[in-house]
Amino acid sequence: MKHIQIKSAATLALFLLLSSGCNKILEEKPRSIYEPGFFKTEKGVLGGITSQYAHLRFIYGQPYYYNSLETGTDEYTWAQSADANFKDMDYTGVGVVNAASSRSDVLWGAAFSNINTANGIIENASSVGISEALIAEARFFRAFDYFLLVQTFGGVPLDLGAGELKFNTTPSRKSVRNTVPEVYTKAIFPDLIKAIAELPATGRVTGGATKTLARLYLSKAYLTYAWWLQNPNNIPTYPETPRTDPDGHDAQWYFQAAYDIATEAIDNPGPFGLENTFYDVHVGGNDRNKEMLLYADHTQESEFYNGSPLTGFQSELGNGRNSAVWMVTWNYTVIRSAANAGGTGAAISSVQREAAQGLGRPYTRMAPPIGVFTNTFAEKTLDSRYDGTFSTVYRGNWPKGGTTNSVLYNANDLPVAPGDKILSFLEYDADAAGIVYPSGQSFPGKSSNNVGAGVLPGRADFVIAPSGISRIVFPGLWKLGVYRTGSVGLGEPNAPSTRPFKIAKFSELYFVAAEAAVKGAATKPGKSARELINVIRARAGKWKFSNKENAAYVADNSAAMVAATPATIDINYILAERSREFFGEGLRWFDLVRTQKWSELAGTYQICAATYGNHTPQTFTRTIQPYHYLRPIPQGQLDGMEMTAEEKAAYQNPNYQ
């Protein structure tokens, strides 16, 4: 585990900004280090700006950091193959989060290195003739990183060794943490306000920072800070400071500001907007769509520009690799179908590992609890988001792996052909009436199954009910699944994903404004909390494709979705809608911490055991203490500082010393 302390110039691989004709993409030339004098040149400043985008890969798609944002929430718990990196984050007594074990260390190192690079850009850009619009990109990313840090750790240093928000060129082993209000009012808010003023409406390059992106983050920052000032559940902060705003505003002022900025962005979207269907947002090949405001970019066209290998059997870790989705993919390759008509003979792997969006490389580190399927996604018929989020049907693909059988025999000894359903997760427990599960991996005398799935009369696919989801067999996360064009056979399922990792979407503006409205912000005509949420729900009712059936499916259930929205919505309803919209995208821990609903909504969960054939739900209770709302300062940071033991203890967040 590598820890990066606060140092002088960033030592990440940084990149040179070039223009590529009409494609307007970022071309990257790796450098092993930026020495400070390089920032006093135009090439150095432009390279530093490009590095702001490149650093996103070190955070988003990094599997351990992804786990820190999802495991321990109501969206994910640890799965059968989890090690301490995942169990520690669950708070159910199977591990402990401390300064050495917390995987939020990934953020600390990457963010502070990038912040110092941004400081160098902002200080030097004007003197070498760089425009204010380009400088505004660095301002956005400095605010972006500080916003992630302050939500995660509480108050963090604004002085990296040369003064507050100054470019540090001399190694420093001292550090002083600023308070939460100082981080917001000295760094995050001013940078984002300036970014909104100077950034273009349309990005300078594909995926580049824009006014709309900056408005989203300013509205999110206002919203989060308003909750912090209000502090409804008396959650402690650190460094200790009164919950008062240096500018004299109260929480209500910031809720209103969040609403105003978010709705301004909705009313002035530039080239952005909502995709027609939820499916369109997440289907592979359409990642850089009009809804995407920011992503950690990757490409299958070039290993150099992808930032990680394109082929071969790769580790989950490495500089810039996008392997997060592996963690939430169960080992579906264990499924077997029989060679003989009586369900006997050779046990053949009928669903083989493939570089396809519904499959991909299995790691089985994180599993969704049963409540995800019975509560969060209780409505699966009208609402397209369940089908557009999960892989719930696993189809035969054995010919792609070289198996020549034209037919195999599956549940109830019925024949299945390539492309047929081999295993299905049922949508409702009511669909499972009469289901029979084996006591172990397979039924006696049968070579098919092997994963403890059940059978229903007349069905050739093995089935599992929502209440039978376990730590070892569970629906995969289709929305983040791998995607490559031109794959032959099974493709390259063992290489990291070449899809961009989604960070910010236009749709979130509706949720920010709705949440602020629920918290008392005065609303505009047509933009009450319910009306804003219903824009998203109406879109969720529109179907163009069914992943379950692997076929086109056109339906418009918008009216029914809107009619089903409660007349008065509250924070819990907004949080449930956020989970339906953004499930598994790395937002959930921040949502629960911001609203102080973590213990209430994720304090208990149900899931079946980590053994094949176990379909008896168990209830688990998390011990979530108020101090857990802040992650510990990483041990690597503490080890790298020249401080006494007492000073280091005072630097650390309470109860983690």
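The values are calculated or read from the model by the stated rules, or taken from the named source; none is laboratory data. What you are looking at is a predicted structure, and each value in this text was computed from that prediction instead of being measured. FYI the Cβ positions are ideal-geometry reconstructions off the backbone, even for glycines, and counts take in every protein chain you see.
Among the residues making up the stretch 364-398, those that are crowded, with 24+ Cβ neighbours inside 10 Å and among the aromatic types (Phe, Trp, Tyr) are Phe373, Tyr386, Phe390, Tyr394.
Every test in (1) at pLDDT below 95; (2) within 21 Å of Thr364 (Cβ to Cβ); (3) not hydrophobic (A, V, I, L, M, F, W, C) is passed by Ser51 save one, and that test is (2).
Residues of the stretch 305-340 that are of a type in the set (A, V, I, L, M), surrounded by 16 or more Cβ atoms within 10 Å (Cβ to Cβ) and within 18 Å of Tyr363 (Cβ to Cβ): Ala324, Val325, Met327, Val328, Val334, Ile335. May I ask you to list the residues in the stretch 603-620 that are buried (at least 20 other Cβ atoms within 10 Å of the Cβ) and either touching a Lys or Arg at 6+ places or on another chain (Cβ under 6 Å) or part of a strand (DSSP E or B) (or both)? Correct list: Tyr605, Ile607, Cys608. Could you tell me whether the stretch 92-111 includes any residue that is surrounded by 22 or more Cβ atoms within 10 Å (Cβ to Cβ), in contact with a strand residue (DSSP E or B) (Cβ under 7 Å, 6 or more places away or on another chain) and modelled with pLDDT of 95 or more? No, the conditions are met nowhere in the stretch 92-111. The test for being part of a helix (DSSP H, G or I) and farther than 26 Å from Gly37 by Cβ does not hold for Leu134. On the basis of being part of a loop (DSSP other than H, G, I, E, B) and in contact (Cβ under 8 Å) with a residue 12 or more places away in the chain, does Phe86 make the cut? It is false that Phe86 is part of a loop (DSSP other than H, G, I, E, B) and in contact (Cβ under 8 Å) with a residue 12 or more places away in the chain.
Please enumerate the residues belonging to the stretch 612-650 that are more than 29 Å from the chain's Cα centre (by Cα) and not hydrophobic (A, V, I, L, M, F, W, C).
Of everything in the stretch 612-650, those that are more than 29 Å from the chain's Cα centre (by Cα) and not hydrophobic (A, V, I, L, M, F, W, C) turn out to be Gly613, Asn614, Thr616, Asp639, Gly640, Glu642, Thr644, Glu646, Glu647, Lys648.
Inside the stretch 113-138, residues that are over 19 Å from Ala187 (Cβ atoms) and touching a Pro at 6+ places or on another chain (Cβ under 8 Å) make up a count of 1.
Per-residue answers, yes or no, for (1) farther than 27 Å from Phe506 by Cα; (2) surrounded by fewer than 21 Cβ atoms within 10 Å (Cβ to Cβ):
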| site | (1), (2) |
| --- | --- |
| Lys166 | yes, yes |
| Ser175 | yes, no |
| Ala201 | no, yes |
| Thr210 | no, no |
| Arg215 | no, no |
| Thr224 | no, no |
| Thr244 | yes, yes |
| Gly248 | yes, yes |
| Phe255 | no, no |
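Applying the condition of being part of a helix (DSSP H, G or I) and modelled with pLDDT of 90 or more to the stretch 287-338 and asking which residue is farthest from Tyr65 (Cα to Cα) yields Val334.
May I ask you to verify whether Asn405 is over 30 Å from Asp383 (Cα atoms), surrounded by 21 or more Cβ atoms within 10 Å (Cβ to Cβ), not charged (D, E, K, R) and not assigned by TED's automatic domain parsing to the domain that holds Glu531? Criteria not met by Asn405. Among the residues of the stretch 625-642, those that are surrounded by 15 or more Cβ atoms within 10 Å (Cβ to Cβ) and within 26 Å of Pro171 (Cβ to Cβ) comprise Arg631, Pro632, Ile633, Pro634, Gln635, Gly636, Gln637, Leu638, Gly640, Met641. Restricting attention to the stretch 72-79, does a residue exist that is assigned to a loop (DSSP other than H, G, I, E, B) and at pLDDT below 95? No, the conditions are met nowhere in the stretch 72-79. When Asp280 is tested against the conditions (1) more than 23 Å from Ala551 (Cα to Cα); (2) surrounded by fewer than 23 Cβ atoms within 10 Å (Cβ to Cβ); (3) touching a residue at least 40 places away in the same chain (Cβ under 8 Å), the lone failure is (1). If the condition is being crowded, with 21+ Cβ neighbours inside 10 Å, of a type in the set (Val, Ile, Thr) and out of contact with any helix residue (DSSP H, G or I) (no Cβ under 7 Å at 6 or more places or on another chain), then the stretch 483-502 contributes no residue at all. Residues in the stretch 588-602 that are assigned to a loop (DSSP other than H, G, I, E, B) and either buried (at least 22 other Cβ atoms within 10 Å of the Cβ) or in contact with a strand residue (DSSP E or B) (Cβ under 9 Å, 6 or more places away or on another chain) (or both): 1 in all.
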